[in-house]
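The values are calculated or read from the model by the stated rules, or taken from the named source; none is laboratory data. Being a predicted model, the structure only gives us computed values, none of them experimental. Don't worry about glycine lacking a Cβ; one is built from the backbone with ideal geometry, like all the others, and counts go over all protein chains shown.
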Amino acid sequence: MNQHETILQTRNLTKEFKGFTAVSDVNLQVRRGSIHALIGPNGAGKTTCFNLLTKFLEPTTGTIVFNGIDITREKPAQIARRGVIRSFQISAVFPHLTVMENVRIGLQRQLGTAYQFWRSERSLDVLNDRAMELLEQVGLTEFAQTLTVNLPYGRKRALEIATTLAMEPELMLLDEPTQGMGHEDVDRVTQLIKKVSAGRTILMVEHNMSVVSSIADKITVLQRGAILAEGPYAEVSKDPRVMEAYMGTADAELQGAH
């Protein structure tokens, strides 16, 4: 894969915590415009990987390259300005603001918190229009004036995606986007991820195999911090090492997604 096709690359990415290796020599290549899923049993190092990519953690060794630029030593704010935006779970939204106000905060962050945006009413109207566009994109138009605390769970996840989109991500990192959801919400959010992936790249950590099988272009399986297997779902799900890593329960899980 040439540099133009690769949006994100890690070389020998390693993170050690006091004698425990959480991420071990990971070489990841994320293709521009793709949906790339990181899967693996609990404790496989998926979240640590995300924390390294967004610079919440410093790697022990290794390199992270985004759009051909070495970003290994950059700070979280620099990474975000480059367009690597991570969707945080519910904690990232303000429960006692409306759905619309939450998206507007995301938009203001994107604009920078410069106070001049408060000078004219009209600039707020511009934000309102854009906020409504984003809400429409994620199917939340009817909830615009709802207090976020009153939103159903699955809709909260859609709101997180909207606030993440407000930050204009070029590479969007989604951490367990369907966790804790009922079947209907899972389907809705899966379709939503597929929809918002147009024109951007998505790297997601996801447990639900039916989600992964239906939308991921490429899957990287981590086990004990190292890459166990990689490729399209059809290939990876038949890999005996992957089946073994998931043991009994997930054999059914892997097969069940076909």
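What number of residues within the range 151-179 satisfy the criterion of being modelled with pLDDT of 95 or more and either surrounded by fewer than 20 Cβ atoms within 10 Å (Cβ to Cβ) or of a type in the set (Asp, Glu) (or both)? Of the residues in the range 151-179, 1 are modelled with pLDDT of 95 or more and either surrounded by fewer than 20 Cβ atoms within 10 Å (Cβ to Cβ) or of a type in the set (Asp, Glu) (or both). The single condition from (1) over 27 Å from residue 18 (Cβ atoms); (2) at pLDDT 95 or above that residue 83 fails is (2).
Restricting attention to the range 35-60, report how many residues are hydroxyl-bearing (Ser, Thr, Tyr), closer than 19 Å to residue 229 by Cα and either modelled with pLDDT under 95 or surrounded by fewer than 17 Cβ atoms within 10 Å (Cβ to Cβ) (or both).
Step one: of the range 35-60, the residues hydroxyl-bearing (Ser, Thr, Tyr) are 47-48, 54, 60.
Among the residues that remain, those that are also closer than 19 Å to residue 229 by Cα are: 47-48.
Next cut, either modelled with pLDDT under 95 or surrounded by fewer than 17 Cβ atoms within 10 Å (Cβ to Cβ) (or both) only: 47.
Within the range 35-60, residues that are hydroxyl-bearing (Ser, Thr, Tyr), closer than 19 Å to residue 229 by Cα and either modelled with pLDDT under 95 or surrounded by fewer than 17 Cβ atoms within 10 Å (Cβ to Cβ) (or both) number 1.
Considering the range 198-217, and only residues there that are surrounded by fewer than 18 Cβ atoms within 10 Å (Cβ to Cβ) and of a type outside the set (A, V, I, L, M, F, W, C), the residue that is nearest to residue 40 (Cα to Cα) turns out to be 207.
Can you tell me which residue among 162, 158, 229 is under 30 Å from residue 126 (Cα atoms) and either assigned to a strand (DSSP E or B) or touching a Lys or Arg at 6+ places or on another chain (Cβ under 8 Å) (or both)? Walk me through how you get there before you give the answer.
Details: 162 fails: either assigned to a strand (DSSP E or B) or touching a Lys or Arg at 6+ places or on another chain (Cβ under 8 Å) (or both); 229 fails: under 30 Å from residue 126 (Cα atoms).
When all the criteria are applied, what remains is 158.
Checked against the criterion of being among the acidic types (Asp, Glu), farther than 19 Å from residue 28 by Cα and either more than 13 Å from the chain's Cα centre (by Cα) or in the same structural domain as residue 53 (by TED's automatic domain parsing) (or both), the candidates 142, 206, 160, 235 yield just one match: 142. Of 22, 44, all but one fail to be in the same structural domain as residue 231 (by TED's automatic domain parsing), closer than 30 Å to residue 209 by Cβ and in contact with an Asp or Glu (Cβ under 8 Å, 6 or more places away or on another chain); the exception is 22. Within the range 231-241, the residues that satisfy the criterion of being surrounded by fewer than 18 Cβ atoms within 10 Å (Cβ to Cβ) and either of a type outside the set (Lys, Arg) or modelled with pLDDT of 95 or more (or both) are 231, 232, 234, 235, 239, 240. Of all residues in the range 63-75, those that are over 15 Å from residue 50 (Cα atoms) have Cβ atoms under 9 Å from Cβ atoms of residues that are among the acidic types (Asp, Glu) and surrounded by 12 or more Cβ atoms within 10 Å (Cβ to Cβ), 6 or more apart or on another chain, in 67/170.
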